[in-house]
Amino acid sequence: MQFGSIGKSNAKVYVQSTEGIHFSDVAGEDEAKESLAEIVDYLHNPDKYTEVGASMPKGLLLVGPPGTGKTMLAKAVAGEANVPFFSISGSEFVEMFVGMGASKVRDLFKQAKEKAPCIVFIDEIDAIGKKRDGQLGGNDEREQTLNQLLTEMDGFEGNNGVIILAATNRPESLDPALTRPGRFDRRVPVELPDLKGREEILKVHAKKIKLADDVDFHTIARMASGTSGAELANIVNEAALRAVRDNRTFVTQADLEESIEVVIAGYQKKNAIMSDAEKKVVAYHEIGHALVAAMQTDSAPVQKITIIPRTSGALGYTMQVEQNDKCLLTKEELENKIATYTGGRAAEEIVFGQITTGASNDIEQATKLARAMITRYGMNEDFDMVAMETVNNQYLGGDTSLACSAETQKEIDKKVVALVKEQHEKAKQILRENRDALDRLAQYLYEKETITGDEFMHILKGGAAQ
Ligand code: ADP
Ligand code: ZN
(Lines give C-alpha, C1' and ligand atoms only; values in the text may rest on other atoms or scores of the structure.)
(Ligands and ions follow the chains in the order given, each with its own letter.)
Protein backbone atom coordinates (compact mmCIF):
# COMPACT_ATOMS: atom_id res chain seq x y z
CA MET A 1 0.00 0.00 0.00
CA GLN A 2 1.22 3.48 -0.79
CA PHE A 3 1.70 6.09 1.85
CA GLY A 4 -0.47 8.84 0.46
CA SER A 5 -3.45 6.62 -0.02
CA ILE A 6 -4.27 6.27 3.65
CA GLY A 7 -7.83 7.16 4.51
CA LYS A 8 -8.90 7.36 0.89
CA SER A 9 -11.15 4.71 -0.42
CA ASN A 10 -8.73 3.18 -2.85
CA ALA A 11 -11.21 1.82 -5.26
CA LYS A 12 -9.56 -1.34 -6.55
CA VAL A 13 -7.76 -2.55 -3.49
CA TYR A 14 -9.90 -5.60 -2.94
CA VAL A 15 -11.03 -6.84 -6.28
CA GLN A 16 -9.03 -9.76 -7.49
CA SER A 17 -9.21 -11.88 -10.51
CA THR A 18 -9.99 -15.46 -9.64
CA GLU A 19 -7.62 -16.63 -12.38
CA GLY A 20 -10.50 -18.67 -13.71
CA ILE A 21 -10.31 -21.22 -10.90
CA HIS A 22 -13.07 -23.82 -10.98
CA PHE A 23 -14.18 -26.66 -8.75
CA SER A 24 -12.42 -29.10 -11.07
CA ASP A 25 -9.09 -27.50 -10.09
CA VAL A 26 -9.69 -28.42 -6.50
CA ALA A 27 -9.08 -32.13 -6.13
CA GLY A 28 -10.85 -34.19 -3.50
CA GLU A 29 -12.79 -32.20 -0.87
CA ASP A 30 -16.06 -33.51 -2.31
CA GLU A 31 -18.14 -32.70 0.76
CA ALA A 32 -16.92 -29.10 0.80
CA LYS A 33 -17.59 -28.70 -2.91
CA GLU A 34 -21.07 -30.10 -2.54
CA SER A 35 -21.87 -27.62 0.19
CA LEU A 36 -20.51 -24.73 -1.84
CA ALA A 37 -22.22 -25.79 -5.05
CA GLU A 38 -25.48 -24.58 -3.55
CA ILE A 39 -24.03 -21.07 -3.26
CA VAL A 40 -23.02 -21.19 -6.90
CA ASP A 41 -26.48 -22.30 -7.88
CA TYR A 42 -27.98 -19.46 -5.86
CA LEU A 43 -25.73 -16.87 -7.50
CA HIS A 44 -26.73 -18.19 -10.91
CA ASN A 45 -30.36 -18.40 -10.10
CA PRO A 46 -31.46 -16.26 -7.15
CA ASP A 47 -35.12 -16.23 -8.23
CA LYS A 48 -35.43 -19.93 -7.65
CA TYR A 49 -34.66 -19.27 -3.99
CA THR A 50 -36.66 -16.08 -3.45
CA GLU A 51 -39.72 -17.67 -4.99
CA VAL A 52 -39.86 -20.27 -2.26
CA GLY A 53 -38.88 -17.70 0.33
CA ALA A 54 -35.57 -19.36 1.09
CA SER A 55 -32.64 -17.15 1.88
CA MET A 56 -28.99 -18.06 1.54
CA PRO A 57 -26.73 -17.94 4.55
CA LYS A 58 -24.90 -14.59 4.49
CA GLY A 59 -21.69 -16.10 5.73
CA LEU A 60 -19.97 -19.44 5.40
CA LEU A 61 -17.00 -20.46 7.46
CA LEU A 62 -14.39 -22.68 5.79
CA VAL A 63 -12.70 -24.52 8.60
CA GLY A 64 -9.60 -26.69 8.36
CA PRO A 65 -5.82 -26.96 8.67
CA PRO A 66 -3.51 -24.70 6.61
CA GLY A 67 -2.90 -25.55 2.95
CA THR A 68 -6.00 -27.66 2.41
CA GLY A 69 -7.42 -25.45 -0.32
CA LYS A 70 -9.78 -23.11 1.53
CA THR A 71 -8.68 -20.08 -0.48
CA MET A 72 -8.87 -22.11 -3.66
CA LEU A 73 -12.41 -23.22 -2.87
CA ALA A 74 -13.52 -19.65 -2.24
CA LYS A 75 -12.03 -18.55 -5.54
CA ALA A 76 -13.65 -21.52 -7.26
CA VAL A 77 -17.09 -20.44 -6.00
CA ALA A 78 -16.56 -17.07 -7.62
CA GLY A 79 -15.10 -18.73 -10.71
CA GLU A 80 -18.02 -21.12 -11.10
CA ALA A 81 -20.61 -18.43 -10.51
CA ASN A 82 -18.66 -16.00 -12.68
CA VAL A 83 -18.95 -13.16 -10.17
CA PRO A 84 -16.35 -10.73 -8.76
CA PHE A 85 -14.13 -11.92 -5.92
CA PHE A 86 -13.17 -9.54 -3.12
CA SER A 87 -10.48 -10.83 -0.86
CA ILE A 88 -8.76 -9.62 2.25
CA SER A 89 -6.96 -11.28 5.10
CA GLY A 90 -7.72 -10.78 8.76
CA SER A 91 -4.07 -10.28 9.54
CA GLU A 92 -3.93 -7.39 7.07
CA PHE A 93 -6.47 -5.55 9.16
CA VAL A 94 -4.29 -6.02 12.19
CA GLU A 95 -0.93 -5.30 10.55
CA MET A 96 -1.54 -2.93 7.65
CA PHE A 97 -4.66 -1.01 8.41
CA VAL A 98 -3.79 0.01 11.95
CA GLY A 99 -6.31 2.56 13.12
CA MET A 100 -8.54 2.09 10.11
CA GLY A 101 -9.82 -1.45 10.46
CA ALA A 102 -13.43 -0.39 10.87
CA SER A 103 -13.38 2.03 7.96
CA LYS A 104 -11.74 -0.59 5.76
CA VAL A 105 -14.54 -3.00 6.56
CA ARG A 106 -17.13 -0.35 5.69
CA ASP A 107 -15.27 0.31 2.47
CA LEU A 108 -15.06 -3.32 1.53
CA PHE A 109 -18.77 -3.86 1.94
CA LYS A 110 -19.67 -0.67 0.12
CA GLN A 111 -17.74 -1.85 -2.91
CA ALA A 112 -19.07 -5.37 -2.61
CA LYS A 113 -22.69 -4.17 -2.56
CA GLU A 114 -22.09 -2.12 -5.69
CA LYS A 115 -20.70 -5.17 -7.45
CA ALA A 116 -23.27 -7.69 -6.18
CA PRO A 117 -23.71 -10.53 -6.84
CA CYS A 118 -20.20 -11.25 -5.61
CA ILE A 119 -18.06 -13.17 -3.18
CA VAL A 120 -16.23 -11.54 -0.29
CA PHE A 121 -13.45 -13.73 1.09
CA ILE A 122 -11.91 -13.03 4.50
CA ASP A 123 -8.88 -15.21 5.12
CA GLU A 124 -7.63 -15.81 8.68
CA ILE A 125 -10.79 -14.37 10.14
CA ASP A 126 -9.62 -15.38 13.61
CA ALA A 127 -7.15 -12.47 13.48
CA ILE A 128 -10.07 -10.05 13.88
CA GLY A 129 -12.72 -12.41 15.15
CA LYS A 130 -11.08 -13.68 18.31
CA LYS A 131 -13.18 -14.08 21.41
CA ARG A 132 -13.57 -10.86 23.32
CA ASP A 133 -12.44 -11.96 26.73
CA GLY A 134 -13.13 -8.65 28.43
CA GLN A 135 -9.52 -8.28 29.47
CA LEU A 136 -8.45 -4.88 30.68
CA GLY A 137 -6.53 -3.07 27.99
CA GLY A 138 -7.90 -5.45 25.40
CA ASN A 139 -7.39 -4.74 21.75
CA ASP A 140 -9.81 -1.90 21.05
CA GLU A 141 -8.78 -1.70 17.46
CA ARG A 142 -9.57 -5.29 16.73
CA GLU A 143 -12.84 -5.05 18.58
CA GLN A 144 -13.96 -2.07 16.52
CA THR A 145 -13.08 -3.89 13.34
CA LEU A 146 -15.03 -6.92 14.46
CA ASN A 147 -18.01 -4.80 15.49
CA GLN A 148 -18.04 -3.12 12.13
CA LEU A 149 -18.00 -6.49 10.41
CA LEU A 150 -20.95 -7.65 12.51
CA THR A 151 -22.83 -4.44 11.81
CA GLU A 152 -22.31 -4.83 8.08
CA MET A 153 -23.47 -8.41 8.12
CA ASP A 154 -26.57 -7.58 10.11
CA GLY A 155 -27.24 -4.53 7.95
CA PHE A 156 -27.65 -6.16 4.62
CA GLU A 157 -30.67 -8.12 3.70
CA GLY A 158 -30.46 -11.76 2.85
CA ASN A 159 -30.65 -12.36 -0.88
CA ASN A 160 -28.82 -9.17 -1.80
CA GLY A 161 -26.21 -11.26 -3.59
CA VAL A 162 -23.21 -10.62 -1.37
CA ILE A 163 -21.93 -13.92 0.00
CA ILE A 164 -19.18 -13.83 2.59
CA LEU A 165 -16.78 -16.72 2.83
CA ALA A 166 -14.27 -16.74 5.65
CA ALA A 167 -11.47 -19.18 6.43
CA THR A 168 -9.89 -20.17 9.70
CA ASN A 169 -7.87 -22.97 11.22
CA ARG A 170 -8.78 -22.04 14.76
CA PRO A 171 -12.58 -22.12 14.81
CA GLU A 172 -12.79 -22.56 18.56
CA SER A 173 -11.15 -19.19 19.12
CA LEU A 174 -13.83 -17.26 17.23
CA ASP A 175 -16.12 -14.88 19.04
CA PRO A 176 -19.52 -16.58 19.39
CA ALA A 177 -21.10 -13.39 18.03
CA LEU A 178 -19.61 -14.25 14.64
CA THR A 179 -21.17 -17.68 14.42
CA ARG A 180 -24.64 -16.62 15.55
CA PRO A 181 -27.54 -17.26 13.13
CA GLY A 182 -27.64 -14.67 10.39
CA ARG A 183 -23.87 -14.28 10.42
CA PHE A 184 -21.39 -17.11 9.76
CA ASP A 185 -23.96 -19.75 10.48
CA ARG A 186 -22.82 -22.38 8.04
CA ARG A 187 -19.60 -24.26 8.58
CA VAL A 188 -17.81 -26.11 5.78
CA PRO A 189 -15.09 -28.48 6.99
CA VAL A 190 -12.06 -28.64 4.70
CA GLU A 191 -9.97 -31.52 5.99
CA LEU A 192 -6.55 -32.93 5.14
CA PRO A 193 -6.95 -35.19 2.10
CA ASP A 194 -7.22 -38.96 2.51
CA LEU A 195 -5.31 -41.43 0.35
CA LYS A 196 -7.63 -41.03 -2.63
CA GLY A 197 -7.69 -37.25 -2.24
CA ARG A 198 -3.91 -37.09 -2.14
CA GLU A 199 -3.66 -39.11 -5.32
CA GLU A 200 -6.12 -36.79 -7.07
CA ILE A 201 -4.30 -33.67 -5.90
CA LEU A 202 -0.98 -35.05 -7.14
CA LYS A 203 -2.56 -35.77 -10.52
CA VAL A 204 -4.04 -32.28 -10.81
CA HIS A 205 -0.67 -30.68 -10.19
CA ALA A 206 1.19 -33.18 -12.37
CA LYS A 207 -0.81 -32.03 -15.38
CA LYS A 208 1.69 -29.22 -15.75
CA ILE A 209 4.77 -31.43 -15.89
CA LYS A 210 6.20 -34.15 -18.13
CA LEU A 211 6.23 -37.59 -16.57
CA ALA A 212 8.23 -40.78 -17.09
CA ASP A 213 6.31 -44.02 -17.61
CA ASP A 214 7.31 -45.38 -14.22
CA VAL A 215 5.41 -42.76 -12.21
CA ASP A 216 2.83 -44.30 -9.90
CA PHE A 217 0.81 -41.71 -8.03
CA HIS A 218 -0.91 -44.25 -5.84
CA THR A 219 2.41 -45.18 -4.24
CA ILE A 220 3.45 -41.55 -3.88
CA ALA A 221 0.11 -40.73 -2.24
CA ARG A 222 0.61 -43.60 0.18
CA MET A 223 4.09 -42.41 1.06
CA ALA A 224 2.95 -38.83 1.59
CA SER A 225 0.51 -39.65 4.34
CA GLY A 226 -0.55 -36.69 6.46
CA THR A 227 0.41 -34.04 3.89
CA SER A 228 -1.82 -31.13 2.87
CA GLY A 229 -2.75 -30.11 -0.66
CA ALA A 230 -0.22 -27.29 -0.51
CA GLU A 231 2.53 -29.73 0.45
CA LEU A 232 1.52 -32.11 -2.34
CA ALA A 233 1.68 -29.28 -4.86
CA ASN A 234 5.11 -28.52 -3.49
CA ILE A 235 6.22 -32.16 -3.80
CA VAL A 236 5.32 -32.19 -7.51
CA ASN A 237 7.20 -28.96 -8.11
CA GLU A 238 10.28 -30.12 -6.16
CA ALA A 239 10.31 -33.26 -8.30
CA ALA A 240 10.26 -31.16 -11.47
CA LEU A 241 13.13 -29.03 -10.17
CA ARG A 242 15.09 -32.18 -9.36
CA ALA A 243 14.61 -33.40 -12.93
CA VAL A 244 15.96 -30.11 -14.27
CA ARG A 245 18.97 -30.33 -11.98
CA ASP A 246 19.64 -33.77 -13.45
CA ASN A 247 19.34 -32.43 -17.01
CA ARG A 248 16.29 -34.52 -17.72
CA THR A 249 13.16 -33.39 -19.55
CA PHE A 250 10.77 -35.57 -17.56
CA VAL A 251 9.99 -36.40 -13.94
CA THR A 252 10.57 -39.92 -12.62
CA GLN A 253 9.19 -41.88 -9.69
CA ALA A 254 12.53 -41.42 -7.91
CA ASP A 255 12.22 -37.62 -8.26
CA LEU A 256 8.82 -37.72 -6.60
CA GLU A 257 9.91 -40.06 -3.83
CA GLU A 258 12.91 -37.93 -2.97
CA SER A 259 10.73 -34.82 -3.02
CA ILE A 260 8.41 -36.20 -0.35
CA GLU A 261 11.38 -36.37 1.95
CA VAL A 262 12.55 -32.91 0.90
CA VAL A 263 9.17 -31.33 1.57
CA ILE A 264 8.65 -33.14 4.85
CA ALA A 265 12.19 -33.30 6.20
CA GLY A 266 14.22 -30.75 4.22
CA TYR A 267 17.05 -31.12 1.72
CA GLN A 268 19.88 -33.60 2.20
CA LYS A 269 22.85 -31.95 3.81
CA LYS A 270 25.62 -32.36 1.28
CA ASN A 271 28.64 -32.30 3.54
CA ALA A 272 27.17 -34.09 6.49
CA ILE A 273 29.04 -33.61 9.70
CA MET A 274 27.84 -36.76 11.36
CA SER A 275 30.72 -38.83 12.71
CA ASP A 276 30.91 -42.55 12.15
CA ALA A 277 30.05 -43.26 15.75
CA GLU A 278 26.99 -41.00 15.55
CA LYS A 279 25.87 -42.62 12.36
CA LYS A 280 25.95 -45.97 14.08
CA VAL A 281 23.85 -44.65 16.97
CA VAL A 282 21.29 -43.18 14.56
CA ALA A 283 21.11 -46.46 12.64
CA TYR A 284 20.42 -48.43 15.80
CA HIS A 285 17.95 -45.81 17.02
CA GLU A 286 15.87 -45.89 13.83
CA ILE A 287 15.96 -49.68 13.57
CA GLY A 288 14.96 -49.83 17.23
CA HIS A 289 11.70 -48.00 16.44
CA ALA A 290 11.00 -50.14 13.39
CA LEU A 291 11.82 -53.44 15.02
CA VAL A 292 9.63 -52.82 18.05
CA ALA A 293 6.80 -51.87 15.70
CA ALA A 294 7.34 -54.91 13.48
CA MET A 295 7.42 -57.41 16.33
CA GLN A 296 4.17 -56.08 17.77
CA THR A 297 2.17 -56.14 14.57
CA ASP A 298 4.03 -58.80 12.63
CA SER A 299 4.11 -56.65 9.50
CA ALA A 300 6.40 -54.19 7.77
CA PRO A 301 6.21 -51.02 9.85
CA VAL A 302 8.05 -48.73 7.47
CA GLN A 303 8.21 -47.93 3.79
CA LYS A 304 11.74 -46.69 4.08
CA ILE A 305 14.32 -45.47 6.57
CA THR A 306 17.21 -43.21 5.62
CA ILE A 307 19.99 -41.91 7.84
CA ILE A 308 21.11 -39.02 5.67
CA PRO A 309 21.09 -35.78 7.64
CA ARG A 310 18.52 -33.23 6.48
CA THR A 311 18.61 -29.45 6.48
CA SER A 312 15.68 -29.49 8.88
CA GLY A 313 18.09 -30.88 11.47
CA ALA A 314 16.70 -34.41 11.35
CA LEU A 315 19.47 -37.01 11.38
CA GLY A 316 17.33 -39.72 9.91
CA TYR A 317 13.98 -40.06 8.31
CA THR A 318 11.45 -42.82 8.61
CA MET A 319 8.52 -43.14 6.28
CA GLN A 320 5.81 -45.01 8.12
CA VAL A 321 3.43 -47.41 6.44
CA GLU A 322 0.03 -45.83 6.40
CA GLN A 323 -2.53 -47.31 8.73
CA ASN A 324 -5.27 -48.25 6.32
CA ASP A 325 -7.48 -45.27 7.01
CA LYS A 326 -8.28 -46.58 10.43
CA CYS A 327 -10.82 -44.65 12.42
CA LEU A 328 -10.66 -46.46 15.73
CA LEU A 329 -7.61 -47.51 17.69
CA THR A 330 -7.75 -50.01 20.51
CA LYS A 331 -6.06 -49.51 23.85
CA GLU A 332 -3.57 -52.19 22.92
CA GLU A 333 -2.71 -50.50 19.63
CA LEU A 334 -2.10 -47.21 21.42
CA GLU A 335 0.15 -48.93 23.95
CA ASN A 336 2.07 -50.51 21.10
CA LYS A 337 2.53 -47.08 19.57
CA ILE A 338 4.02 -45.79 22.77
CA ALA A 339 6.36 -48.78 22.87
CA THR A 340 7.39 -47.98 19.30
CA TYR A 341 8.17 -44.36 20.22
CA THR A 342 10.44 -45.59 23.00
CA GLY A 343 12.09 -48.18 20.71
CA GLY A 344 14.78 -45.79 19.45
CA ARG A 345 16.07 -44.88 22.88
CA ALA A 346 15.69 -48.52 24.01
CA ALA A 347 18.06 -49.66 21.26
CA GLU A 348 20.65 -47.06 22.28
CA GLU A 349 20.50 -48.25 25.88
CA ILE A 350 20.81 -51.91 25.03
CA VAL A 351 23.56 -51.61 22.45
CA PHE A 352 25.67 -48.70 23.66
CA GLY A 353 24.79 -48.54 27.33
CA GLN A 354 24.38 -44.80 27.05
CA ILE A 355 21.69 -42.40 25.95
CA THR A 356 21.64 -39.36 23.65
CA THR A 357 19.54 -36.30 22.92
CA GLY A 358 18.20 -38.01 19.79
CA ALA A 359 14.99 -39.13 21.42
CA SER A 360 13.52 -35.74 22.35
CA ASN A 361 10.79 -35.83 19.76
CA ASP A 362 9.94 -39.45 20.58
CA ILE A 363 9.62 -38.50 24.22
CA GLU A 364 7.24 -35.72 23.39
CA GLN A 365 5.06 -37.96 21.22
CA ALA A 366 4.99 -40.82 23.70
CA THR A 367 4.04 -38.47 26.51
CA LYS A 368 1.30 -36.80 24.50
CA LEU A 369 -0.23 -40.13 23.58
CA ALA A 370 -0.01 -41.55 27.09
CA ARG A 371 -1.61 -38.39 28.47
CA ALA A 372 -4.43 -38.51 25.98
CA MET A 373 -5.16 -42.15 26.84
CA ILE A 374 -5.49 -41.26 30.49
CA THR A 375 -7.13 -37.85 30.35
CA ARG A 376 -9.30 -38.08 27.25
CA TYR A 377 -9.84 -41.62 26.02
CA GLY A 378 -10.98 -43.05 29.35
CA MET A 379 -8.35 -45.77 29.23
CA ASN A 380 -7.39 -45.71 32.87
CA GLU A 381 -9.43 -47.77 35.30
CA ASP A 382 -9.22 -45.32 38.18
CA PHE A 383 -10.59 -42.41 36.19
CA ASP A 384 -13.17 -44.46 34.33
CA MET A 385 -15.00 -42.39 31.71
CA VAL A 386 -14.21 -38.98 33.14
CA ALA A 387 -12.59 -36.33 30.96
CA MET A 388 -9.62 -34.68 32.61
CA GLU A 389 -8.69 -32.54 29.65
CA THR A 390 -10.39 -30.83 26.76
CA VAL A 391 -8.91 -30.08 23.35
CA ASN A 392 -8.60 -26.41 22.48
CA ASN A 393 -7.48 -26.52 18.93
CA GLN A 394 -8.03 -29.54 16.82
CA TYR A 395 -6.14 -28.23 13.82
CA LEU A 396 -3.05 -26.54 15.19
CA GLY A 397 -1.20 -29.02 17.36
CA GLY A 398 -4.27 -29.80 19.46
CA ASP A 399 -3.23 -28.15 22.70
CA THR A 400 -5.40 -29.03 25.65
CA SER A 401 -6.48 -27.51 28.91
CA LEU A 402 -6.82 -29.35 32.17
CA ALA A 403 -10.22 -29.65 33.74
CA CYS A 404 -9.46 -31.19 37.10
CA SER A 405 -8.18 -30.46 40.58
CA ALA A 406 -4.54 -30.05 41.49
CA GLU A 407 -4.52 -33.38 43.32
CA THR A 408 -5.86 -35.16 40.26
CA GLN A 409 -3.18 -33.50 38.15
CA LYS A 410 -0.57 -35.08 40.34
CA GLU A 411 -2.16 -38.45 39.90
CA ILE A 412 -2.36 -37.99 36.13
CA ASP A 413 1.33 -37.19 36.01
CA LYS A 414 2.13 -40.36 37.94
CA LYS A 415 -0.03 -42.49 35.67
CA VAL A 416 1.51 -41.02 32.53
CA VAL A 417 4.99 -41.85 33.79
CA ALA A 418 3.95 -45.37 34.74
CA LEU A 419 2.36 -46.01 31.36
CA VAL A 420 5.35 -44.80 29.37
CA LYS A 421 7.73 -46.69 31.63
CA GLU A 422 5.85 -49.93 31.18
CA GLN A 423 5.93 -49.63 27.39
CA HIS A 424 9.59 -48.60 27.44
CA GLU A 425 10.37 -51.80 29.38
CA LYS A 426 8.37 -53.80 26.87
CA ALA A 427 10.33 -52.25 23.99
CA LYS A 428 13.63 -53.12 25.64
CA GLN A 429 12.43 -56.65 26.19
CA ILE A 430 11.48 -57.02 22.53
CA LEU A 431 14.86 -55.74 21.39
CA ARG A 432 16.78 -57.99 23.78
CA GLU A 433 14.88 -61.00 22.48
CA ASN A 434 15.68 -59.98 18.91
CA ARG A 435 19.18 -58.71 19.38
CA ASP A 436 20.45 -60.67 16.43
CA ALA A 437 17.98 -59.09 14.00
CA LEU A 438 18.62 -55.67 15.55
CA ASP A 439 22.34 -55.97 14.80
CA ARG A 440 21.85 -57.25 11.27
CA LEU A 441 19.32 -54.55 10.37
CA ALA A 442 21.31 -51.72 11.94
CA GLN A 443 24.48 -52.84 10.20
CA TYR A 444 22.67 -52.88 6.86
CA LEU A 445 21.21 -49.41 7.40
CA TYR A 446 24.59 -48.10 8.58
CA GLU A 447 26.28 -49.30 5.40
CA LYS A 448 23.60 -48.46 2.84
CA GLU A 449 22.11 -45.41 4.61
CA THR A 450 18.71 -46.49 3.28
CA ILE A 451 16.51 -49.51 3.85
CA THR A 452 13.10 -50.19 2.34
CA GLY A 453 10.25 -51.97 4.06
CA ASP A 454 10.75 -55.04 1.87
CA GLU A 455 14.45 -55.24 2.63
CA PHE A 456 13.64 -54.80 6.30
CA MET A 457 11.25 -57.75 6.35
CA HIS A 458 13.62 -59.89 4.31
CA ILE A 459 16.53 -59.37 6.69
CA LEU A 460 14.27 -59.69 9.72
CA LYS A 461 13.04 -63.08 8.55
CA GLY A 462 16.65 -64.23 8.48
CA GLY A 463 17.42 -63.59 4.81
CA ALA A 464 20.94 -62.51 3.96
CA ALA A 465 21.53 -58.83 3.36
CA GLN A 466 21.91 -58.24 -0.36
P1 ADP B 1 -5.61 -22.68 2.53
O2 ADP B 1 -6.35 -21.45 2.13
O3 ADP B 1 -6.48 -23.79 3.03
O4 ADP B 1 -4.46 -22.45 3.46
P5 ADP B 1 -4.86 -22.67 -0.23
O6 ADP B 1 -6.19 -22.69 -0.88
O7 ADP B 1 -4.16 -21.37 -0.17
O8 ADP B 1 -4.94 -23.31 1.22
O9 ADP B 1 -3.94 -23.76 -0.96
C10 ADP B 1 -2.57 -23.52 -1.23
C11 ADP B 1 -2.15 -24.27 -2.49
O12 ADP B 1 -2.17 -25.68 -2.25
C13 ADP B 1 -3.08 -24.06 -3.65
O14 ADP B 1 -2.70 -22.94 -4.39
C15 ADP B 1 -2.91 -25.35 -4.43
O16 ADP B 1 -1.78 -25.29 -5.27
C17 ADP B 1 -2.63 -26.37 -3.38
N18 ADP B 1 -3.84 -27.13 -2.99
C19 ADP B 1 -4.36 -27.19 -1.73
N20 ADP B 1 -5.46 -27.98 -1.69
C21 ADP B 1 -5.66 -28.43 -2.97
C22 ADP B 1 -6.62 -29.30 -3.57
N23 ADP B 1 -7.62 -29.84 -2.87
N24 ADP B 1 -6.51 -29.54 -4.89
C25 ADP B 1 -5.50 -28.99 -5.62
N26 ADP B 1 -4.57 -28.18 -5.10
C27 ADP B 1 -4.61 -27.89 -3.78
ZN1 ZN C 1 13.42 -41.66 17.47
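Here region 175-214 exposes an accessible surface that is 53 percent carbon and sulfur, computed with a 1.4 Å probe and the other protein chains kept in place.
When the solvent-accessible area of region 399-466 is split by element, carbon and sulfur atoms take up 50 percent of it, the probe being 1.4 Å. Subtracting the Cα-Cα distance of GLU157 and ALA277 from their residue separation scaled by 0.36 nm leaves 36.1 nm.
A simple count of charges around MET373, restricted to other residues whose Cβ falls under 13 Å of its Cβ and scoring Lys, Arg +1 and Asp, Glu -1, yields -1. Take every DSSP beta bridge whose two residues both sit in the chain; close to 40 percent of them are antiparallel. Exposed loop positions in the chain were taken to be trypsin sites (Lys or Arg not before Pro) whose DSSP state is not H, G, I, E or B and which have at most 16 other beta-carbon atoms within 10 angstrom. Between these positions, the longest stretch is 13-130. Using 25 Å as the Cα-Cα cut-off, could you pick out the over-long pairs in LYS33/LYS130; LYS203/LYS461; LYS33/LYS203; LYS331/LYS414? Pairs exceeding 25 Å: LYS33/LYS130; LYS203/LYS461. Rounded to the nearest 20 debye, the dipole size of the chain about its Cα centre is 900 debye, using +1 on the Cβ of Lys and Arg and -1 on the Cβ of Asp and Glu.
As a calculated quantity, the FRET efficiency between ASN237 and GLU51 at R0 = 35 Å, using C-beta atoms, amounts to about 0.15. Mind listing the long-range amide H neighbours of VAL188? Cut-off is under 5 Å, sequence gap 5 or more, other chains count too, H placed in the peptide plane at 1.01 Å from N. Hits under the 5 Å cutoff: LEU61, LEU62, VAL63. Separation of region 206-225 and region 48-63, taken as the distance between their Cα centroids, equals 40 angstrom.
Here is the P(r) of region 153-208: all C-alpha pair distances, binned every 10 Å from 0, give 17, 34, 24, 21, 4 in whole percents. Once backbone amide H atoms are built at 1.01 Å from N, VAL251 has LYS210, LEU211, ALA212 as its partners under 5 Å, excluding neighbours fewer than 5 places away on the same chain.
Using helices alone, I'd like the mean residue ellipticity at 222 nm for the chain: each DSSP H run of four-plus residues gives -39500 (n - 2.57), total over residue count, nearest 500. Using -39500 (n - 2.57) per qualifying helix, the result is -16000 deg cm²/dmol.
Between the residues ASN380, HIS424, LEU36, the greatest Cα displacement towards the positive end of the dipole of the chain, with unit charges on the Cβ of Lys, Arg, Asp and Glu, is found for LEU36. Each residue of region 217-225 was assigned a 3J(HN,Hα) from its phi angle through the Karplus curve 6.51 cos²θ - 1.76 cosθ + 1.60 (θ = phi - 60°); the sequence is 5, 4, 5, 4, 4, 5, 5, 8, 5 Hz, with glycine and proline shown as x.
Once the 1.4 Å probe is applied to the protein heavy atoms, the chain comes out at 50 Å² accessible per residue. The alpha-carbon of LYS208 sits under 20 angstrom from the alpha-carbons of these aspartates and glutamates, leaving out residues fewer than 8 places away in its chain: GLU19, ASP25, GLU199, GLU200, ASP216, GLU231, GLU238, ASP246, ASP255, GLU257, GLU258. A dipole drawn for region 179-226 from +1 and -1 charges on Cβ atoms has a positive end, and of PHE184, LEU202, HIS218 the residue lying farthest that way is PHE184.
Angle of helix 101-115 to the longest C-alpha principal axis of the chain, folded into 0 to 90 degrees and rounded to 10: 70°. Taking Lys and Arg as +1 and Asp and Glu as -1, the other residues whose beta-carbon sits under 9 Å from that of MET153 total 0. Under 5 Å from the amide H of ILE308 lie the amide H atoms of TYR317, each residue being 5 or more positions distant or on a separate chain, with H modelled from the backbone and absent for Pro and chain starts. Can you give me the C-alpha center-to-center distance between region 406-466 and region 339-353, rounded to a whole angstrom? Answer, in whole Å: 6. Taking Cα atoms only, the orientation of helix 360-375 departs from the longest principal axis of the chain by about 70 degrees. Could you pull out the pairs from LYS207/LYS448; LYS48/LYS131; LYS368/LYS428 whose alpha carbons sit more than 28 Å apart here? From the list (LYS207/LYS448; LYS48/LYS131; LYS368/LYS428), the Cα-Cα distance tops 28 Å for LYS207/LYS448; LYS48/LYS131. Helix 30-44 versus the longest principal axis of the chain: what angle, 0 to 90°, nearest 10, using Cα atoms? Approximately 10 degrees, to the nearest 10.
The values are calculated or read from the model by the stated rules, or taken from the named source; none is laboratory data. On a predicted model such as this, the values are computed, not experimentally measured, just so you know. With ideal geometry, Cβ positions are generated from the backbone for all residues, glycine too; neighbour counts draw on all protein chains shown. Please note that ligands, DNA and RNA were not included when accessible areas were found on the heavy atoms of the full protein model with its side chains. Shrake-Rupley method; radii C 1.70, N 1.55, O 1.52, S 1.80 Å.
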